[in-house]
1. Looking at (1) surrounded by 17 or more Cβ atoms within 10 Å (Cβ to Cβ); (2) at pLDDT 95 or above, find the lone condition where Ala64 falls short.
2. Quick check on this structure: which one of Val226, Val211 is modelled with pLDDT under 90 and closer than 25 Å to Glu41 by Cβ?
3. When you look at Lys156, is it more than 21 Å from Asn229 (Cα to Cα), at pLDDT below 95 and charged (D, E, K, R), yes or no?
4. Here are some residues: Leu83, Leu127. Which one is touching a helix residue (DSSP H, G or I) at 6+ places or on another chain (Cβ under 7 Å), touching a residue at least 40 places away in the same chain (Cβ under 8 Å) and surrounded by fewer than 19 Cβ atoms within 10 Å (Cβ to Cβ)?
5. In this structure, is Lys132 out of contact with any Gly (no Cβ under 8 Å at 6 or more places or on another chain) and free of Cβ contacts under 8 Å to residues at least 24 places away in the same chain?
6. Does Ala183 meet the test of being among the small types (Gly, Ala, Ser) and surrounded by 21 or more Cβ atoms within 10 Å (Cβ to Cβ)?
7. Is one or more of the residues making up the stretch 96-105 modelled with pLDDT of 95 or more and out of contact with any Phe, Trp or Tyr (no Cβ under 8 Å at 6 or more places or on another chain)?
8. Being at pLDDT below 95 and in the same structural domain as Asn146 (by TED's automatic domain parsing) narrows it down to one residue among Gly54, Gly84; which is it?
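The values are calculated or read from the model by the stated rules, or taken from the named source; none is laboratory data. Note that the structure is predicted; figures quoted are calculated from it, not measured. Methodologically, a virtual Cβ is constructed for each residue, glycine included, from the backbone with ideal geometry; neighbour enumeration extends over all protein chains shown.
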Amino acid sequence: MRFSSLGRFGAAVLLGAFAAFAPLAAQAAAPHTLTVNGVGEVSAAPDQAQLSAGVATVAPTADAALADNARKMKAVFAALVKLGVPERAIQTSNFSIQPQYANNTNNDGSQPRIIGYQVSNQVDVTLDDAKKLGAVIDALVGAGANQINSVGFGFKDPAALQTRSREAAIADARARAQTYAKAAGVTLGGVLSIDEAGGEPRAYRDLQFRVASAPETPTAAGELSVSVNVTVVFEIR
């Protein structure tokens with residue numbers, strides 16, 4: 001760069017003035033923004049059910065308790081197969097062998113005495129038809145299952161509901177932004193950024209319950225909601 005006509009002092013003044021003007025120019029070019037939150041929620045009847053069931057057996061010896069448990073669990077698996085539950089939808093979730101102790105009523109500090117063993121075998125079952133839950137519970141109890149730990153309801157394809165929730169969340173954010181922009185007397189521009197918060201929607205709702213001795217076990221799936229929260233930054237003019 002040549003400064004013959006300005007001289008060294010004039011060039012320094014010119015460069016200093018340009019350096020001082022640059023941040024102001026960048027600041028002037030930065031867009032004005034409006035940040036709003038949007039919430040989208042979609043509710044639907046669940047089309048999938050999940051339950052945890054199993055067999056607990058007690059016998060004087062571990063071998064006897066294990067043999068009795070295996071016999072009853074085979075009947076439980078057979079009942080599930082008969083109902084059309086595929087093997088991929090059945091998964092062992094817990095298996096344990098625990099000694100059973102006699103109550104020490106003497107309080108003499110002696111070691112507790114083992115009087116038997118308990119074997120527990122539990123499986124998680126996923127049903128592609130939530131309406132079959134009551135019939136499956138009845139069949140399992142009839143086959144020998146004496147533990148129903150929990151049931152839950154969910155969706156085969158939660159991603160489809162999540163997409164609808166996201167669309168609703170963006171629509172909600174835009175509606176809020178338009179309201180604020182109109183009230184403030186500014187013009188709403190395009191979207192500069194979108195941030196989704198809250199993580200993945202919950203697919204299952206867990207329900208704790210006990211099976212009553214009834215000819216048919218009634219169940220109700222109700223509705224589940226999938227919600228998404230977004231933060232959207234709009235340009236305003």
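1. The number of the failed condition is (1).
2. From the options Val226, Val211, the qualifying one is Val226.
3. yes
4. Only one candidate qualifies: Leu83.
5. no
6. Against the criterion (among the small types (Gly, Ala, Ser) and surrounded by 21 or more Cβ atoms within 10 Å (Cβ to Cβ)), Ala183 does not qualify.
7. Yes, because at least one residue in the stretch 96-105 is modelled with pLDDT of 95 or more and out of contact with any Phe, Trp or Tyr (no Cβ under 8 Å at 6 or more places or on another chain).
8. Testing whether each residue is at pLDDT below 95 and in the same structural domain as Asn146 (by TED's automatic domain parsing) leaves just Gly84.
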